[in-house]
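Have a look at the structure below before the remarks.
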Amino acid sequence: MKVNGTQYRTIWVGDDGWRVNVIDQTQLPHNFKINTLETANDAARAISTMMVRGAPLIGATAAYGICLGMREDASNGGLDRVCELLEHTRPTAINLPWAIHEMRRVLRNIEGECRVNTAYTHASNMCAADIETNQAIGRHGFELLVKLSDRKPTGKPINILTHCNAGWLATVDWGTATAPIYMAHNAGLLIHVWVDETRPRNQGAALTAFELSQHGVPHTVIADNAGGHLMQKGEVDLCIVGTDRTTAKGDVANKVGTYLKALAATDNDIPFYVALPSSTIDWSISDGLNEIPIEQRATREVTHITGRNVDGSLATVQLTPDGTNAANYAFDVTPARLISGLITERGVSEASASGLQALFPEYAPTTKARGHKLSS
Ligand code: MRU
């Protein structure tokens, strides 16, 4: 996608062939800053501080973190150490262990220094696959939007509500929830997006609004609590969100607050879709509420807020009284029964075990041992 007219991906290898460039998402929307990762520790820090975030991009950064780790120590011990370091950066997105497992699978039979080149090639392939997957998600979601648009009065936009940022900034490119939106907008469909601000880190207000405005998609940022009211008033035609982990039965863990939107959508008969690459499905679990680890982050993200001063500098200010207790649950689980459909790279599936297995017959449920689908 484009930023100020220039084509970017969220992660790419620099001209030297080994340093890894990322867009610093902690600075958006106010500063467009590119940071360079030189070590595995840099990659781990980029994930845990949310310089990069969003399930697919977390996976891609971990893959490149392993490349950087292989440059430092390409032995088996080095591989184990870098995987261990990256594995503990964020707990909820299944794409993280998935990407680490994929890299390990490819590297385990390669000896010594050859591992470095192989690692870079595979990480690059994974990024290319992410883009193709998101484009396929976009095409399937686009069909849903075309059907909706046929039912709208002439000149009236389709109003889509989204939560957090499941946009191109959360992936390598295109995004998951936003891919259908970008394709529909590019095809000339009238689209308007209600963007949940997404407290406490404001990924909606800061990141989704940034990318939609860069692409020229009409949108309105709303306080998180406004969605239910808009749904009651007929101002939302459908919701599309992303996911960090989807169970084999179609429960979905996504940014905290997603569940409340799904409840309101169900109460108002509004379709509630989740867009996801199949790498986000944890085939080894079925009970989202009890089996998906929910990240708890620093309470300072709740008690404080960052924004731009009139002089252009960024400032962080305190919202709560001194010493206030706070809790920061980063994700919640939306049960499959509240989800109208899962938009995947293979098509739209019912949010159920049978729906997912019909689209992905090769992924029989596995044991719980690895927490993600193991391919040989
Ligand atoms: O905490 P974040 O910003 O990493 O959370 C991101 C989300 O919740 C996204 O909706 C999810 O990762 C899907 S991204 C395509």
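Taken as entire DSSP H runs, the helices of the chain that both span 24 Å or more between Cα atoms along their own long axis and average 0.5 or more on the Kyte-Doolittle scale are 55-72. A convex hull fitted to the Cα coordinates of the chain yields 146 cubic angstrom per residue.
The relative contact order of the stretch 182-230 comes to 40 percent, based on Cα pairs under 8 Å that sit 6 or more residues apart. Neighbour counting of Cβ atoms within 10 Å sorts the residues 133, 49, 171, fewest neighbours leading, into 49, 133, 171.
Taking other C-beta atoms within 10 Å as the exposure proxy, 30, 122 rank 30, 122 from fewest upward.
Residues whose amide H falls under 5 Å from that of residue 175, counting only those 5 or more places apart or on a different chain, are 168, with hydrogens built in the peptide plane.
Computed from the coordinates by the stated procedures, all read-outs in this text should not be read as laboratory data. Owing to the predicted nature of the structure, the values given are computational and were not obtained by experimental measurement. When we count neighbours, we look across all protein chains shown, and the Cβ atoms used for this are built from the backbone with ideal geometry, even at glycine.
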